[in-house]
1. Could you pull out the residue among 25, 88 that is within 24 Å of residue 6 (Cα to Cα) and at pLDDT 95 or above?
2. Please state which one of 30, 25, 62 is closer than 15 Å to residue 119 by Cβ, under 11 Å from the mean Cα position of the chain (by Cα) and surrounded by fewer than 18 Cβ atoms within 10 Å (Cβ to Cβ).
3. Does region 14-27 contain at least one residue that is touching a helix residue (DSSP H, G or I) at 6+ places or on another chain (Cβ under 8 Å) and closer than 21 Å to residue 58 by Cβ?
4. Under the condition of being within 16 Å of the ligand (Cβ to nearest atom) and in contact with a helix residue (DSSP H, G or I) (Cβ under 8 Å, 6 or more places away or on another chain), which residue from region 66-81 is nearest to residue 103 (Cα to Cα)?
5. Enumerate the pairs (first residue in region 76-97 and closer than 18 Å to residue 45 by Cα; second residue anywhere and surrounded by fewer than 13 Cβ atoms within 10 Å (Cβ to Cβ)) with beta-carbon separation below 8 Å, excluding pairs fewer than 6 apart on the same chain, so at least 6 apart or on different chains.
6. Working only within region 8-17, note down all residues that are more than 16 Å from the ligand (Cβ to nearest atom) and either farther than 16 Å from residue 123 by Cβ or part of a loop (DSSP other than H, G, I, E, B) (or both).
7. I'm checking my understanding of the structure. Among residues of region 34-58 that are away from the ligand (no atom under 16 Å from the Cβ) and under 18 Å from residue 101 (Cβ atoms), which one is surrounded by the fewest Cβ atoms within 10 Å (Cβ to Cβ)?
Ligand SMILES: [Zn+2]
């Protein structure tokens, strides 16, 4: 999908735009969803694409909302070699917005993955709405 960057800039806060479109990172323990326990669907703030189910959320202690799995096909992966590290960037598959990174140190009893996602990239839609 085609994104009008100027329109998006007007719609989002400065921090949201910085993280979503310029691969920024919110400060740990500041995001509104770090300790969120409400069940529902976390959607992309830019395009509304359903990304993560609250069932997959776990407390990683890192200060960012963490999930052990994404909705199938909702995200795409890009190798990120910035900051002297090789990481896997997670983007929304629909609008290409940056969401966070995925690591291999997640819960062993499930997928072993840890999706480390910025709260500002998400909108939680609680169940039953
Ligand atoms: Zn999106």
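The values are calculated or read from the model by the stated rules, or taken from the named source; none is laboratory data. Bear in mind the structure is a predicted one, so any value in this text is a computation, not a measurement. Glycine also receives a Cβ, built like all others from the backbone with ideal geometry; neighbour counts cover every protein chain displayed.
1. It is 25.
2. 25
3. yes
4. Selected residue: 67.
5. 89/79; 93/73; 94/1; 95/1
6. Selection gives 10, 13, 14.
7. Going through the qualifying residues, I end up with 58.
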